[in-house]
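Read through the structure below, which is laid out as structure tokens, and then see the notes.
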Amino acid sequence: SFVVIENTLNFIDSYVTKTPKSVKLKPEDRWLISRLNSVVESATENCKNYNMHKAAMDIHNFIINDLSRWYIKLVRDRVWPSYTGKDKQAALYALSESLKTAVKLLAPFTPFLAEHGYTTARKLGERRESVHLTAWPKADKKMIDKKLEGQMKLVQEIIEVVNSLRKENGLKLRWPIEKVVVETKD
């Protein structure tokens, strides 16, 4: 897990050079910001209730599953240096905000890894000399969209089913398939 976290921090360090100011977020960007704020809220609550293990798991799951294994895969092409689309800034913004907040959440649990990640956060505008001199992040409840989070969870479940069917039928992930049909009652 630490290697995945470090690779995620290194990815953001490689592609995000500054935090964009005003951006029009795409649904996946809004989802990441919503998840980030939901994690801040739940980790804060768990820490207040002395459930440090639950707070650590929330943070770990956000960085590993939401940020690294899902969001970065979705936006990899959008942050590529040669990409010039208007939606690039939104992806850079979401990555930047996630990094700056995630390293603050990590600080009590993995102090050295958090400090390593904070060197990138300082390049992105954080002013303190150390992550351990920053305040614990506060959740922006206006940015939490539980409906959007639920919709993305449904998309993730559909992709998991499709990937398991691909494996079952011997179709590798990089091989194109003709179509996927999803039936739903709503």
May I ask you to verify whether Arg69 is among the basic types (Lys, Arg), open to solvent by 20 Å² or more (accessible area, probe 1.4 Å), assigned to a helix (DSSP H, G or I) and more than 22 Å from Tyr118 (Cβ to Cβ)? yes
Condition first: more than 17 Å from the chain's Cα centre (by Cα) and of a type in the set (Phe, Trp, Tyr). Now tell me which residues in segment 1-53 satisfy that. Tyr50
Confirm whether Lys153 is open to solvent by 40 Å² or more (accessible area, probe 1.4 Å), at pLDDT 95 or above and in a helix (DSSP H, G or I). yes
Which of the residues belonging to segment 65-109 are of a type in the set (S, T, N, Q), farther than 19 Å from Lys123 by Cα and over 9 Å from the mean Cα position of the chain (by Cα)? Ser82, Thr84
Which residues, counting only those in segment 14-58, are in contact (Cβ under 8 Å) with a residue 40 or more places away in the chain, among the acidic types (Asp, Glu) and surrounded by 18 or more Cβ atoms within 10 Å (Cβ to Cβ)? Glu28, Asp29
Could you check, for segment 18-36, whether at least one of its residues is over 23 Å from Gln89 (Cβ atoms) and of a type outside the set (S, T, N, Q)? no
Which of the residues that make up segment 106-133 are in contact with a Phe, Trp or Tyr (Cβ under 8 Å, 6 or more places away or on another chain) and either assigned to a helix (DSSP H, G or I) or of a type in the set (Ser, Thr, Tyr) (or both)? Thr110, Leu113, Ser130, Val131
Determine whether Thr101 is touching a residue at least 40 places away in the same chain (Cβ under 8 Å), within 27 Å of Val40 (Cα to Cα) and of a type in the set (Val, Ile, Thr). yes
Meets criteria (of a type in the set (Gly, Ala, Ser) and farther than 13 Å from Ile5 by Cβ) for Ala114: no
Being touching an Asp or Glu at 6+ places or on another chain (Cβ under 9 Å), at pLDDT below 95 and farther than 17 Å from Lys100 by Cβ is the filter here; which residues of segment 7-51 pass it? Lys24
Looking at segment 83-135, which of the residues that are open to solvent by 40 Å² or more (accessible area, probe 1.4 Å) and hydrophobic (A, V, I, L, M, F, W, C) is nearest to Tyr15 (Cα to Cα)? Phe112
Does Phe62 satisfy the criteria of being of a type outside the set (Gly, Ala, Ser), surrounded by 13 or more Cβ atoms within 10 Å (Cβ to Cβ) and within 20 Å of Ala121 (Cβ to Cβ)? yes
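The values are calculated or read from the model by the stated rules, or taken from the named source; none is laboratory data. Small disclaimer: the values here were computed from a predicted structure and weren't measured. Backbone-built Cβ (ideal geometry, glycine too); neighbour counts: all protein chains shown. Side chains included, ligands, DNA and RNA excluded: accessible areas come from the protein's heavy atoms. Shrake-Rupley method; radii C 1.70, N 1.55, O 1.52, S 1.80 Å.
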